[in-house]
2 protein chains.
Amino acid sequence: MASEQPKEVPTDPALAPPAEGAAAGEAGEGAAAQSKKGAKKAEAKAKKEAEKARKAAEREAAAATQSAAAQEDHAKENYGDIPKDKKIESAYVMLRDVSEEHIGKTIKLRGWIQNARMQGAKMAFLELREEGAWTVQGVVAASPEGKPVSKQMVKWIGALKLESFVALEATVQKPLEPVKSCKVSLYELHLTKVYLVAPAPEMLSLGLAAAGRAVSNLEDEAVGEGVEKAVENLSIAGAPGASLATHLNNPAMHKRAPISQAIADIRIAVEDYFCEYLKARRFKRFHPPSLIGAASEGGANVFAMNYFDKQAYLAQSPQFYKQFEIAGGRKRVFCVHPVFRAENSNTPRHMTEFMGLDMEMEIEEHYHEVLKMLEGVFIYIFSKLAVEFKEEIELIRSVYPSEEFLLPESGKEVRLTFAEGQALLRAEGPPEFANVSDDEDMTTAQEKALGALIRKKYKSDFYVLDKFPVDARPFYAMPDPENPKVTNAYDFMMRGQEILSGGQRLHLPHELEATIRAKGLDPNQPGLKEYVDVFRSVGVPPHGGGGIGLDRVIAWYLNLPSVQLVADYPRTPKRLGP
Amino acid sequence: MASEQPKEVPTDPALAPPAEGAAAGEAGEGAAAQSKKGAKKAEAKAKKEAEKARKAAEREAAAATQSAAAQEDHAKENYGDIPKDKKIESAYVMLRDVSEEHIGKTIKLRGWIQNARMQGAKMAFLELREEGAWTVQGVVAASPEGKPVSKQMVKWIGALKLESFVALEATVQKPLEPVKSCKVSLYELHLTKVYLVAPAPEMLSLGLAAAGRAVSNLEDEAVGEGVEKAVENLSIAGAPGASLATHLNNPAMHKRAPISQAIADIRIAVEDYFCEYLKARRFKRFHPPSLIGAASEGGANVFAMNYFDKQAYLAQSPQFYKQFEIAGGRKRVFCVHPVFRAENSNTPRHMTEFMGLDMEMEIEEHYHEVLKMLEGVFIYIFSKLAVEFKEEIELIRSVYPSEEFLLPESGKEVRLTFAEGQALLRAEGPPEFANVSDDEDMTTAQEKALGALIRKKYKSDFYVLDKFPVDARPFYAMPDPENPKVTNAYDFMMRGQEILSGGQRLHLPHELEATIRAKGLDPNQPGLKEYVDVFRSVGVPPHGGGGIGLDRVIAWYLNLPSVQLVADYPRTPKRLGP
């Protein structure tokens, strides 16, 4: 319909969208500065100013109330705290569902006050927000007696605190011109009732605008590249952001920011895509335990606790359990489960608890069946994201800039052996990597340098390194039958950073025992015995798999400065709450 | 096609299915008896006999090998350990996919030896099993030189150890009559190659037949009804089963039993149905943390551990976090996550770690919106199960008998207030419940008695108890605005046992503070402060939800004697492994 896109018309100042950040309650948000001292000073100043503004507003409000009280309020039933015994009878419509058919109709809506301000003495504007950053403009003007809106009501609406939750009744109308500041730009609400369901406090510790900007600094001082990137992004975004700590200490406001909702929606999608791709290929879900009886993969980096009369530990991976599922007669399994690392690593890549996406499958002839399955998973995830989350990715890029994530053409997946990767580094990498060895694992710096070389050479940010050296892999890795110095094991990489580790596992008990002994361990020690026993107890087919760190996939894909911006409730050596 | 169902024909003894349990390796499995002493004696005896049988078999095999060695083996390429450099070239077909079109064709299959035996000197039978208890009969007969099968090959196949994993090549044929002992009964395999991929040991600690029978006793001595039921079921099943401990200590064999696969498949489905019902209604998934910084819901029953320089605890529920999601701008959320209880309860209902299915949603007008949503979830789950898992449920019932799970007609959901439930108990329940109070929580015995009364009266095994007394609910429960002695909180019940607890939560900080104080706690103490702070920091709309114990839903639905038969890796005060 032609009428859906109103033509440009001269702006009526009375109907202009409210100025951004003009309302009270946002004062504290811009205070976080890059240096600690500066930040504190700025914060103190901002607080003082906010307090001043607040008091002035209070005085004004009190005066307004007094003068308003002088008049009779003919609309007092139509606003205020939500009445316990009454409800708005009109049909409830979610913002995303408001359409042409609602024009002229009276509907009910619910949401947060994203902005509210007076326009003169008789008119007020607000912005109402709903999940997913859906926003709409509401307008209200005092009418003569008998009509639903009074002067007092307008004043009350104009003074609503940001992030309060309201229920309202309104008639849907077309604005004179699209409301550019709102996601629902083609409709506006003419308010007839506004009830306060849950008030916000006088002052927010983190305002929505700040919550939507890049973080000003990460949790730890010594995070290297992450911090630089964040600071760099900050200067691009052009306005000071709050620190990551401020974000995480204010979970409600952090999560309400459109960028946080977009990241969370992408995280959900990645998990869903992983599951649906595997389920369509006859993989079955299972749940590994978190509590285990012995620190099976070595005593380091394991959380231990008293467990009645015993000790218990938190599982560092579902590795043994997904193999037990294969031994237990499942051809293909996957799980989505928290894993725990008691590692005192304070970097933008590490958390002490994170979601693992794991899979394991029978091998028919060759372990590349597994490798190809996992490549398929990732290509599926990345391809779907680029299509289904275009808008969200753009929004996130506007805050945290990133280059397009390059994917190989189908059939041209990039697979290098570990040795080929090292050779490329030696030949074309920075001079400090001119002598890297084929027998030792890569450092993070080497990985990143290789990632850059591969992007240049193969035009892909996603690739596989195969055939890792024996010393870089755990005891259960299957050695290459043709070269005992390497294993049938691989890492998957994104932008030069590992996001999956996997490979073929030993499935014959005598081979397992031999490699356990070769690593200086005893196949009958607690934690290992019950593992090896499973392979001693029945015939177990050849199998392999891989484990993915969910938060990292999203962080590297979007080039975010920290995995803590992806996890719902990140846990690090320094952070256990909220 | 008429030819699909072969007519009854006189049985050719040479082609009769092998006798059940006739092969070696099953000897130890029937030994677990009901009393400990008897069990040990029987076990010892069985072991002795098995050992005797094994030795006899070894002598026989050795003799056979000797005499066979005398002859040239013209088929030696077609059997034995799987050759490293060779593979079966025929197309791989999964058992469930074998169909009419394969008749006369040569295919490749892979699976476990479920049975193998000689029929005279020149013929052997085997049963091959694949995931999901798909089985098929294979037959092999020695042929003259030049053909793919030799006498030696037949002997080798007839002596294959149960639960070994093999790869084989065979021609698909129609048997003279359906092979009743196999799930794939209309086809049989004429074996041309059989390679051993992973051998099973001489003797299984738990045979497949025993793994498929009812457990003879549960893990703990003092489990009351559960044990009785198990023993009762055992006598119905007619053959002695192994103890639950034997099952769980032999995860590979326990999981390979068709009944275990059926239970696991139903568990997967219940989780999937829960998620898909909610996702279709705009619920969004999130992941709560397992590690938390304070024992938020009181210090009892919480696992504690050292966490770098602090203490950490394992979350007893995602309660606070799903509320944070609502505060964070999500309208509706759900999660599937492990929860932990450090409770020294050794019953068939308790585990220290279990999967929780949780949801939380905004309330528009009344908390019964949540209650109805949750009723919808369960009705959806139960209705789908009855249709999609008819076969699995029948199989499970043949081992653990249960009455049909009665559901209310749509629109006639059974909802009683807690007080109505107590009144029913007083009026029509057993005499010991003639004086139960409306102000105190029900005991498990009361719940079960009420469940029986409701089944009789309302013809439903699924019902809701609403309006629990204040003293039976945590501080965050919303009191009934009309009766301050009760709350807007409910339990969902199956066969007289609780499977969900939920209700409306307080969303205004001053009300939260008041109820926390009324419970004798301080709203600013560690663990509570960060919770209340979220409600102080922004306006949070009214909301409610519920939490479901996944394993219990399945255990009660199927009337299993213990939730430990549902969990993939059950954890109890006494069990931390495997």
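Below are the figures for this structure:
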item	result
Value of relative contact order over region B:259-565, rounded to a whole percent, pairs C-alpha under 8 Å and six or more apart	21 percent
For region A:78-198: relative contact order, % (alpha-carbon pairs under 8 angstrom, 6 or more apart)	32 percent
Additional length obtainable on full extension of the chain from B:R96 to B:R517, 0.36 nm per residue less Cα span	145.4 nm
Computed E for B:H190/B:A56 - FRET, C-beta separation, R0 30 angstrom, nearest 0.05	0.50
0 to 90° range, to nearest 10: angle between helix B:444-458 axis and chain B longest Cα axis	80 degrees
Which of A:K183, A:K284 has the fewest Cβ neighbours within 10 Å, and the rest in rising order	A:K183, A:K284
In region A:78-198, lysine pairs with alpha-carbon atoms under 13 angstrom apart (chain gap of 8 or more, or interchain)	8
Gyration tensor (Cα) of region B:511-578, equivalent ellipsoid semi-axes in angstrom	38, 17, 12
Label point distance in nm, A:N346-A:D438, each placed 7 Å from Cα along Cα→Cβ	4.1 nm
Other protein chain Cβ atoms within 10 Å, averaged over every residue that makes up A:325-337	6
Neighbour-count order for B:S562, A:S260, fewest beta carbons within 10 angstrom listed first	A:S260, B:S562
Two-site FRET efficiency, A:E49 against A:K574, from Cβ-Cβ distance with R₀ of 35 Å, rounded to 0.05	0.65
Degrees, to the nearest 10: B:258-279 long Cα axis against longest axis of chain B	40 degrees
Shielding by partners - mean other protein chain Cβ count within 10 Å, residues of A:126-133	2
Cα gyration tensor, region B:247-351 - rounded (a/c under 1.5), prolate or oblate	oblate
Cβ crowding within 10 Å averaged over residues, with A:441-452, B:421-432 ranked highest first	A:441-452, B:421-432
Candidate lysines for bridging to B:K310, where Cα separation is under 22 Å - those fewer than 8 sequence places away on the same chain excluded	A:K310, A:K574, B:K529
Relative exposure of A:D466, B:D85, B:D265, judged by other C-beta atoms within 10 Å (fewest first)	B:D85, B:D265, A:D466
Shortest-first nm distances, B:K183 label point to equivalent points in other copies (7 Å, Cα→Cβ)	4.6
Antiparallel %, DSSP beta bridges [both residues in region B:78-198], to 5	80 percent
Volume in Å³ per residue [convex hull over Cα atoms, computed for region A:259-565]	146 Å³
At 7 Å out from Cα toward Cβ: A:R281 inter-copy label distances (nm, ascending)	3.4
Cα-based helix-to-principal-axis angle, B:225-237 vs chain B, degrees rounded to 10	30 degrees
Nitroxide proxy distance, nm - points 7 Å out along Cα→Cβ at A:E365 and B:K384	3.7 nm
Closest approach to the axis - chain B beta-carbon, rotation onto A, Å	B:M305, 2
Dimensionless Rg over Rh [region A:78-198; C-alpha; Kirkwood]	0.92
Copies compared at A:E364 - label distances in nm, ascending, label defined 7 Å from Cα in the Cβ direction	5.1
Calculated from backbone phi, Karplus (6.51, -1.76, 1.60) coupling profile of region A:556-562 in Hz, x at Gly/Pro	6, 4, 8, 6, 6, x, 7
Taking the convex hull of Cα positions in chain A, its mean projected area over all directions (nm²)	33.5 nm²
Using distinct alpha-carbon pairs, which all enter the 1/r mean, Kirkwood radius of the protein assembly as shown in Å	33.1 Å
Distance violations [Cα-Cα > 19 Å] among A:K279/A:K331; A:K322/A:K412; A:K279/A:K322	A:K322/A:K412
For chain B, calculated [θ]222 nm from helices alone, where every DSSP H run of n ≥ 4 adds -39500 (n - 2.57)	-10000 deg cm²/dmol
Inter-chain Cβ neighbour average for residues A:154-167, partner chain, 10 Å	2
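Computed from the coordinates by the stated procedures, all read-outs in this text should not be read as laboratory data. A quick note: this is a predicted structure, and the numbers were derived from the prediction, not measured. Because the Cβ atoms are built from the backbone with ideal geometry, glycine has one as well, and the counts that use them run over all protein chains shown.
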